[in-house]
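**Student:** Quick one: this structure, given as structure tokens, is what I'll be asking you about.
The values are calculated or read from the model by the stated rules, or taken from the named source; none is laboratory data. Since the model is a prediction, treat every value here as computed from it, not as a measurement. Backbone-built Cβ (ideal geometry, glycine too); neighbour counts: all protein chains shown.
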Amino acid sequence: MDEAGLGAAADRPPLVMRFGAFGDMVLLTVLLRQLHARFGKPVDVISSGPWTVPLLQGQPSVGRLFIIRSRRAPYWMSLDQQRLVAWMRKRGAGPTWFCDVQLGRDLLRRGEIPDEYICSYSSFKWLPTEGFTDRFIRMAAETPVAFSGRLPPPHSTISRDAHLVVSASARAAADEWLARRNPGRRPFMVIHPGSSHIARRAIRSPAGTDRYWPEDRWARVIESVRDSQPDLAIFLTGTRAERKFNSAIIARLKTTEVHNVADELSVGTLVPLLERAHSMISIDTGPAHAAAALGCPTVALFGLQNPILFRPGGATTHAVSLTGLVEGAQNILGITPDAVIAAWLDLLRSTQARASHSVKSAIRG
């Protein structure tokens, strides 16, 4: 391409392609904010999933969101993919950050985005003790080879944590829901015991998945939470398929004010609910990432996933990643209820200490 064409391409807003689960898209906000700061322009995003729009739409770092239902469908059968390709061609190629698998790369090629315009996730080697958010920061500092010397220099790090901006309308929806479910306006915490892995096993026992933590252990944690914080209302969240699992936990309880709200909350209402929650205890799953990104003290129980790579919300959020061992191997069944409660209480104490320090610093300032 000639100099004028390259100059025009370099001036287009950055483009990011990422087809991820709920938690993946929360963590992606680190890359989006970093690119926004570098370019001074919101980032166009290509993605999928029903959670992506309520999570990312309206974020200051996000420009145009283009959502397709499936990247795995054959191209000739997918009107979404064909519309995406037409949009990319009309938009014009520019600096692109590709954070997915080969199927998505084929869509970029169909959209006439040359390989030399792309900074690819797969070209980055993991650094020791590095999590996803720090890797995204490194990616944002890279320049696709075609644009060497043409793009703004890397920006200093904005944050090593994910960040979600909650709209006034989303907060209003959460207020309306809380008025029905928590009319006494009690402080509340969120417990998210299930996951998509458990939900897929509607007929078989959930014990076959690495994210299954037994119902009686969840019940012991909830009873201990109630003993420690008797004024807290407790909401058990999840999808429709996880409602039965939540009910089995509640059936083991002697305490009250524990509400099974699985399938009651859209993503758009869950996010502002997490923003104002007292705290959260959860399986390693998307809502845990959102809670941590919103500043909610979060304890997450990990199965086989690496707790450093997938630390809730990023590198420095107010969160704890718990792991356990069974016969020397990482296994969620090695986590005890006592360990969960101890981590939660420690987290609350450090949260209070941090808040006290911030108040004292503000007074001194």
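**Student:** What is the residue count in the range 77-105 for residues that are surrounded by fewer than 14 Cβ atoms within 10 Å (Cβ to Cβ) and modelled with pLDDT of 90 or more?
**Tutor:** Taking the range 77-105 as the starting set, the residues that turn out to be surrounded by fewer than 14 Cβ atoms within 10 Å (Cβ to Cβ) are 77, 79, 83, 86, 89-90, 101-102.
The next check asks that each one be modelled with pLDDT of 90 or more; those that pass are 77, 79, 83, 86, 89-90.
Count: 6.
Residue by residue, here is whether (1) outside the structural domain of G23 (by TED's automatic domain parsing); (2) part of a loop (DSSP other than H, G, I, E, B); (3) more than 27 Å from D175 (Cα to Cα); (4) among the basic types (K, R) holds:
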| site | (1), (2), (3), (4) |
| --- | --- |
| R252 | yes, yes, yes, yes |
| G268 | yes, no, no, no |
| A291 | yes, no, no, no |
| N306 | yes, yes, yes, no |
| R311 | yes, yes, yes, yes |
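**Student:** Something else: How many residues are in a helix (DSSP H, G or I), of a type outside the set (A, V, I, L, M, F, W, C) and either exposed (fewer than 14 other Cβ atoms within 10 Å of the Cβ) or modelled with pLDDT of 95 or more (or both) if we restrict to the range 313-365?
**Tutor:** 14
**Student:** Further, regarding this structure: From the set of residues in the range 270-289 that are part of a helix (DSSP H, G or I) and touching a Pro at 6+ places or on another chain (Cβ under 6 Å), which is nearest to D24 (Cα to Cα)?
**Tutor:** Taking the candidates together, the pick is H289.
**Student:** Given the criteria farther than 28 Å from V267 by Cα, hydroxyl-bearing (S, T, Y), not assigned by TED's automatic domain parsing to the domain that holds D11 and not in a helix (DSSP H, G or I), does T143 qualify? Steps first, answer last, please.
**Tutor:** Numbers: farther than 28 Å from V267 by Cα: yes; hydroxyl-bearing (S, T, Y): yes; not assigned by TED's automatic domain parsing to the domain that holds D11: no; not in a helix (DSSP H, G or I): yes.
Against the criterion (farther than 28 Å from V267 by Cα, hydroxyl-bearing (S, T, Y), not assigned by TED's automatic domain parsing to the domain that holds D11 and not in a helix (DSSP H, G or I)), T143 does not qualify.
**Student:** I'd like to know if the range 116-139 contains one or more residues that are among the aliphatic types (A, V, I, L, M), within 25 Å of the chain's Cα centre (by Cα) and over 24 Å from A293 (Cβ atoms). If you could, list the steps in order and put the result at the bottom.
**Tutor:** First pass over the range 116-139, keeping only residues among the aliphatic types (A, V, I, L, M): 118, 127, 137, 139.
With within 25 Å of the chain's Cα centre (by Cα) added as a condition, the list becomes 118, 127, 137, 139.
Next cut, over 24 Å from A293 (Cβ atoms) only: 118.
Yes: one or more hits.
**Student:** Can you tell me which residues in the range 172-191 are part of a helix (DSSP H, G or I) and either buried (at least 16 other Cβ atoms within 10 Å of the Cβ) or in contact with an Asp or Glu (Cβ under 6 Å, 6 or more places away or on another chain) (or both)? Quick ask: steps written out before the conclusion?
**Tutor:** The first filter runs over the range 172-191 and keeps only residues part of a helix (DSSP H, G or I), leaving 172-181.
Those that are part of a helix (DSSP H, G or I) and either buried (at least 16 other Cβ atoms within 10 Å of the Cβ) or in contact with an Asp or Glu (Cβ under 6 Å, 6 or more places away or on another chain) (or both): A173, A174, W177, L178.
**Student:** So, one more: Looking at the range 215-243, which of its residues are within 24 Å of the chain's Cα centre (by Cα) and either at pLDDT below 95 or of a type in the set (D, E, K, R) (or both)?
**Tutor:** Result: T239, R240, A241, E242, R243.
**Student:** Can you tell me which residue within the range 299-309, out of those that are touching a residue at least 60 places away in the same chain (Cβ under 8 Å) and in contact with a helix residue (DSSP H, G or I) (Cβ under 7 Å, 6 or more places away or on another chain), is surrounded by the most Cβ atoms within 10 Å (Cβ to Cβ)?
**Tutor:** Among them, the one singled out is L301.
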